[in-house]
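In what follows, a single structure is set out as structure tokens and then discussed.
The values are calculated or read from the model by the stated rules, or taken from the named source; none is laboratory data. This is a predicted model, so every value here is computed, not measured. So basically every Cβ, Gly included, is an ideal-geometry build from the backbone, and we count neighbours across all protein chains shown. Accessible surface is based on the protein model in full, side chains and every heavy atom, while ligands, DNA and RNA are left aside. Shrake-Rupley method; radii C 1.70, N 1.55, O 1.52, S 1.80 Å.
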Amino acid sequence: MVTRMGHIALRVTDLEAAVAFQREVLGMVETERSGTASYMTCNQRHHELILIEDPANRGYDHIGLEVADPAALQDMKRSILAAGGELLGDVYDGEPGIDRALRVRSPGGHVFKLFCGMSLGAAPAAGDRPIKFEHASVKVRHLQPLERFLGDGLGFRFSDRMGPFASWWHCDADHHGMAIILAPRHELSHYAYAWPDFNALGRVADRLKHLRNEKVIWGPSRHGPGNNHFLYLLDGDGAMVENCSELAQFPPTGSYQPRKWKINPTTINQWGGLPPLPFLRAGFPIASVL
């Protein structure tokens, strides 16, 4: 089953511009350029982000999820099909930075790349950058089919729920690697980076203003589910990025216990009121590729 969140892959209109935004505002580092794809990281792993130039097909390509070994990829085929998923081909190799992978589609059309064998290299030079790609949040018209797929098909465990509108799921000690939000369309709500502390979020907002003359969408504040600080902004292609710190941990790292939260503004904003309209309206389409 899934052991770690791996990466997010986005199809962008202008690769150079997208790489520049990630590097200048968020501190990501390019490790490899292969054709029209850039592989970027913030740590020793080969990539935590893939940017693919595709002007005619802007959207998110897949969410990368790491499994233990090649045997796990083979073993998961059956559970994925039984949980309502679809196999998008067979296990393959030859992709930069990983040993081998299997692409699958969930109910509702969200695409996941299960992979093993992430390459490790030297840590990037000292800089103001995230710790890792932390989680992805997706919008769906019905929560239950994707929840079943994550739990029974991929091995995620339940973290929290807010009525019929949202649920959070984890694959390791982090409170959530996947969040599911009820919405009219199947699309990406946001992808998230983990940062070392609250002050780092302020520096991200400063760079966004000084280098791009743009403002954040929402935050900083603190969520109830996950208990993390948050700061939301749009990247250069309009996908929403959450910047987080102090995400709650499940045992053995922490002591968080699953909860069912009230449907209340303070559930997702402990310091303020309702989320603003730009946050609610934000969504990045599923790219129309296999």
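Summary of computed values
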| item | result |
| --- | --- |
| Rg(Cα) / (2.2 N^0.38 Å) computed for the chain, rounded to two decimals | 0.93 |
| Euclidean distance of C-alpha centroids, region 185-249 and region 1-57, integer Å | 17 |
| Estimated vicinal HN-Hα couplings, Hz - region 245-256 in sequence order (Karplus 6.51, -1.76, 1.60; Gly, Pro = x) | 8, 6, 5, 4, 10, 7, x, x, 5, x, 10, 5 |
| Percent RCO, i.e. relative contact order, over region 64-124, from Cα pairs under 8 Å lying at least 6 residues apart | 35 |
| Residue among MET28, MET162, MET178 with the largest mean-square fluctuation in a Gaussian network model of the chain, springs linking Cα atoms under 10 Å | MET162 |
| Listed residues ILE181, HIS210, HIS229: farthest to the positive end of the dipole of region 181-235 (Cβ charges) | HIS210 |
| Relative contact order of the chain, defined on C-alpha pairs under 8 angstrom at six or more residues apart (%) | 18 |
| Point-charge dipole on Cβ atoms (K/R +1, D/E -1) for region 137-290, about Cα centre, debye to 20 | 440 |
| Accessible area (Å², per residue) of the chain, counting only protein heavy atoms and a probe of 1.4 Å | 41 |
| Accessible surface of the chain, 1.4 Å probe, proportion on carbon and sulfur as whole % | 53 |
| Of PHE112, PHE156, PHE279, the one that fluctuates the most in a GNM where the chain has Cα springs shorter than 10 Å | PHE279 |
| Tally of Lys pairs whose C-alpha atoms are under 29 Å apart, taken over the chain, 8 or more apart or cross-chain | 12 |
| Lys/Arg +1, Asp/Glu -1 at C-beta; the chain dipole; positive extreme among PRO124, MET1, HIS190 | HIS190 |
| Distance between region 97-139 and region 265-289 - C-alpha centres, whole angstrom | 22 |
| TRP218 accessible area, 1.4 Å probe, all protein chains in place, Å² to nearest 10 | 20 |
| Listed peptides 79-85, 186-192 by packing density, highest first (mean Cβ within 10 Å) | 186-192, 79-85 |
| Surface/4 of the Cα convex hull for region 155-269, nm² | 7.9 |
| Estimated dipole of region 67-211 in Debye, rounded to 20 [Cβ of Lys and Arg +1, of Asp and Glu -1, Cα centre] | 480 |
| Relative contact order (%) - criterion: Cα under 8 Å, at least six apart; region: region 239-290 | 34 |
| 222 nm mean residue ellipticity, helices alone, for the chain (DSSP H n ≥ 4; -39,500 (n - 2.57); rounded to 500) | -5500 deg cm²/dmol |
| Given charges at beta-carbon only (K, R positive; D, E negative), |dipole| of the chain in Debye | 980 |
| Most fluctuating residue given options VAL216, VAL104, VAL67, as computed from a GNM of the chain linking Cα atoms under 10 Å | VAL216 |
| Backbone HN-Hα couplings from phi across region 132-141 [Karplus 6.51/-1.76/1.60, Hz, Gly and Pro as x] | 5, 5, 9, 7, 10, 10, 10, 9, 9, 7 |
